[in-house]
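Working notes, beginning with the structure itself.
The values are calculated or read from the model by the stated rules, or taken from the named source; none is laboratory data. All of these numbers come straight from a predicted model, not from anything done at the bench. Cβ coordinates were reconstructed from backbone atoms using ideal geometry, including for glycine residues, and neighbour counts include every protein chain displayed. Each accessible area value is taken on the protein alone, full model and side chains, heavy atoms only, with ligands, DNA and RNA left out. Shrake-Rupley method; radii C 1.70, N 1.55, O 1.52, S 1.80 Å.
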Amino acid sequence: MVLKIHNTLTGTKEIFKPVDESHVRVYACGPTVYNFAHIGNARMAVANDLLINVLRTQFKKVTYVSNITDIDDKIIEAAHELNEPIKNLTTKYTKIYNEDMGYLNVQLPDVQPRATDHINEMIDLIKKLMDSGNAYEKNGHVLFHVPSYSKYGILSKRNRDEQIAGSRVDVAPFKKDPADFILWKPSPDPMPGWESPWGFGRPGWHLECSAMSEKTLGLPFDIHSGGMDLVFPHHENEIAQTCSLHKNHDPDSFAHFWFHNGFVNVEGEKMSKSIGNIRLVHNLKNQYSGEVLRLTLLSAHYRQPLNWTKEIIDQNSKMLDRLYRSLKDLQDIELTSENLSEDVMESLLDDLNTPKLLAHLNTLANKLSTANKDEKINIKNNLIAAGKILGILREDPDVWLGYNQSLNPEKEEIEGLINQRNEARRDKDFKLADEIRDKLKIKGIEIEDTNNGTIWRKDS
Ligand SMILES: [Zn+2]
């Protein structure tokens, strides 16, 4: 079986062949830490977590690096508004980001470099770019000269007019070319900054990822990823910074694959502050379990837009309940394999086709009621293995389904009623048995009669 991944650089789905078979290396642009992560940030983290899980089924060693942007104009502004030191703010929101992603079963990256720990590497990179004639200094600003990189636009496929339209105009007086972008800018007092050959200042955002990916992974590495909104200008500029220092300006001298996840809309609209529809993971945690949120994020193919609605969350919550019920029914079946069967794995290896995989799991759950022992073993193997890769089905089915919660204060009363009902059924007093069932229902208790006695759960 081969893994295929869509590569933004070539615009096609390609067979993934690592630079070094013995060590696959991935870099994802991480968050700018000055407030809570929203569901769009979470989609990036979950899509990459899935990518890493899939890579780990195919390759022995995979290193995943995702950075923390802890110096940036928005951070400076937020710290100023809150009258808080920048370091406090970024440390606080880095911790919250990792906790929130952990809630979604996203594993921490193997390396999580911070921009402010790599200022020297960034300064060195600027020096090299100036020596090679790709960058120039003007009034304490250092700019990358876009026409000096022959393949500019290769990732985003933007033409020159579109490139200029997307570049920042506020430094226009210092630009040789309207598409040029900032590598270093001065930090007037009391702005934070570092000493450099061009005066006290701070780096432009694009520079950090060129510096940190090279430092942590070496060049070239396998996959560079991020949200689709980063294709231009961020990733285009990273390519210019890194590849203009290599032979023929070859983009393969940086990363071989560019992996981008799609946007999240909320109730059909773009998430925006002005509409007030930004969904923060931190708030969603109060309403939904991490697995429900994660499955909802995985329910659309990672490259497609995802429309975040209450209905789609409910649908995925129901699907999880159903899969957990299947696992509960399979409790006595022993696992014989830790791997997905080939037909199920195939959908994941085909550019992480999660909708197809989830449809497979549904079909398996449907087959359960008529399955023989061998089929049951196969179903359980697949559910557990799929859960491992997808980051779901990690709970005890009994706990998930809310059966026999021992801490429930109503437990005694409920179990008393269930005993009364069982007695009534034994006495063939079905009228009384039904009355008791209704009484329980009003309390939000659902019961189920199984071979091992009556079990109950509280409706959430
Ligand atoms: Zn980046």
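Anything in the range 97-127 that is among the aliphatic types (A, V, I, L, M) and surrounded by fewer than 18 Cβ atoms within 10 Å (Cβ to Cβ)? List them, or say none.
Just the residues of the range 97-127 that are among the aliphatic types (A, V, I, L, M), to begin with: 101, 104, 106, 108, 111, 115, 119, 122-123, 125-126.
Of everything in the range 97-127, those that are among the aliphatic types (A, V, I, L, M) and surrounded by fewer than 18 Cβ atoms within 10 Å (Cβ to Cβ) turn out to be 108, 111.
Out of all the residues in the range 38-65, which are under 12 Å from the mean Cα position of the chain (by Cα) and open to solvent by less than 10 Å² (accessible area, probe 1.4 Å)?
Across the range 38-65, the qualifying residues are 39, 42, 43, 45, 46, 47, 48, 49, 50, 51, 52.
Taking residue 137, is it over 28 Å from residue 65 (Cα atoms), assigned by TED's automatic domain parsing to the domain that holds residue 27 and in a helix (DSSP H, G or I)? Before you say what the answer is, go through the steps one by one.
On the way: over 28 Å from residue 65 (Cα atoms): yes; assigned by TED's automatic domain parsing to the domain that holds residue 27: yes; in a helix (DSSP H, G or I): no.
No, not satisfied.
Filter the range 19-28 down to the residues that are in contact with a His (Cβ under 9 Å, 6 or more places away or on another chain), over 16 Å from residue 303 (Cβ atoms) and open to solvent by less than 10 Å² (accessible area, probe 1.4 Å), then identify the one that is farthest from the ligand (Cβ to nearest atom).
Here is the first cut: in the range 19-28, the residues in contact with a His (Cβ under 9 Å, 6 or more places away or on another chain) are 19, 26-28.
Adding the requirement that they be over 16 Å from residue 303 (Cβ atoms) leaves 19, 26-27.
Then keep just the ones that are open to solvent by less than 10 Å² (accessible area, probe 1.4 Å); that gives 26-27.
On the way: 26: 13, 27: 8 Å.
My answer is 26.
Residues to consider are 376, 428, 458, 367; find the one that is basic (Lys, Arg) and over 21 Å from residue 324 (Cβ atoms).
428
Those residues that are within 31 Å of the chain's Cα centre (by Cα) and surrounded by 16 or more Cβ atoms within 10 Å (Cβ to Cβ), I need them from the range 145-157; list them, please.
152, 153, 154, 155, 156
So, residue 325, is that one under 15 Å from residue 46 (Cα atoms) and either of a type outside the set (A, V, I, L, M, F, W, C) or not assigned by TED's automatic domain parsing to the domain that holds residue 128 (or both) or not?
no
Quick check: is even one residue across the range 192-205 more than 25 Å from residue 28 (Cα to Cα) and of a type in the set (S, T, N, Q)?
Yes, there is a match, as at least one residue in the range 192-205 is more than 25 Å from residue 28 (Cα to Cα) and of a type in the set (S, T, N, Q).
Out of the range 205-264, which residues are of a type in the set (D, E, K, R), more than 11 Å from the ligand (Cβ to nearest atom) and in contact with a Phe, Trp or Tyr (Cβ under 9 Å, 6 or more places away or on another chain)?
214, 222, 229, 236
If residue 155 meets every condition in (1) more than 18 Å from residue 249 (Cα to Cα); (2) out of contact with any Gly (no Cβ under 7 Å at 6 or more places or on another chain); (3) of a type in the set (A, V, I, L, M) apart from one, which number is that one?
So the condition that residue 155 fails would be (1).
For the range 72-87: of the residues being more than 17 Å from residue 37 (Cα to Cα) and open to solvent by 80 Å² or more (accessible area, probe 1.4 Å), which is farthest from the chain's Cα centre (by Cα)?
83
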